[in-house]
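To start, the structure itself, in C-alpha cells.
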Amino acid sequence: MKTIRFFLGMALVAFSPLSLQAADSAPQEVRIEASDFQFKASALTLHVGQPVVLTLVNKGHHTHEFESDLFQGGETRIESDGVTTVGDGIQEVVFAPGKSVTVRFMPRKAGNFPFACNAEKPEDHSLRGMKGVIQVK
C-alpha cells in the first residue's frame, strides 16, 4: 500500500503544471536602470508562463518607484539587501539611490503593461519621462 501512495504522489508532482513550467523554462532576465529622470531597460518583452528575474537598479540621486500591474495574478518575490519579501498583488517597488532590487515573478497573462515612477520629489518623475511599457506575449 505504501508503494502505491508514493507512486501516486510522485505522479501528481511530475504532472503538475507548475513543476512542468519551472523545469522547462529558464528565467527571463531583465535589467532596468533608473536615473534622474529616465528608465533604461535591457529588454521589454516577456513570455507568459516563463519565470522572470527583474533587476531594478537606482543610479540616480533620488528614490525611485517601479509601479505596474505586471506582477498581478501570482506570487512575487522581492529581494533587497539580504531581505526577501513574498506576496501577491504587489503593484509598486520603491528603491533608494545606489540600491538595487531583484523581483522574481511569472507573468500570468499576455498584454501590454505600463510602468512608471510616480515619485513626486523633487518634481513629478513620470511627467519627466520615467515611464515605459513591458509587453507579455
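The values are calculated or read from the model by the stated rules, or taken from the named source; none is laboratory data. Everything quoted here is computed from the prediction, not taken from an experiment. For neighbour counting, all protein chains shown are included, and Cβ atoms are generated from backbone atoms with ideal geometry for every residue, glycine included.
Which one of the conditions (1) closer than 22 Å to GLN135 by Cβ; (2) surrounded by fewer than 17 Cβ atoms within 10 Å (Cβ to Cβ); (3) under 11 Å from the mean Cα position of the chain (by Cα) does MET106 fail to meet, given that it meets all the rest?
(2)
Among the residues of segment 51-75, count how many are acidic (Asp, Glu) and assigned to a loop (DSSP other than H, G, I, E, B). Outline the logic, then answer.
Let us first name the residues in segment 51-75 that are acidic (Asp, Glu), namely 65, 67, 69, 75.
With assigned to a loop (DSSP other than H, G, I, E, B) added as a condition, the list becomes 69.
Number satisfying all stated conditions: 1.
Quick check: anything in segment 8-22 under 17 Å from PRO107 (Cβ atoms) and modelled with pLDDT of 50 or more? Walk me through it before giving the result.
Here is the first cut: in segment 8-22, the residues under 17 Å from PRO107 (Cβ atoms) are 17-18, 20-22.
Subset that is modelled with pLDDT of 50 or more: none.
Within segment 8-22, not a single residue is under 17 Å from PRO107 (Cβ atoms) and modelled with pLDDT of 50 or more.
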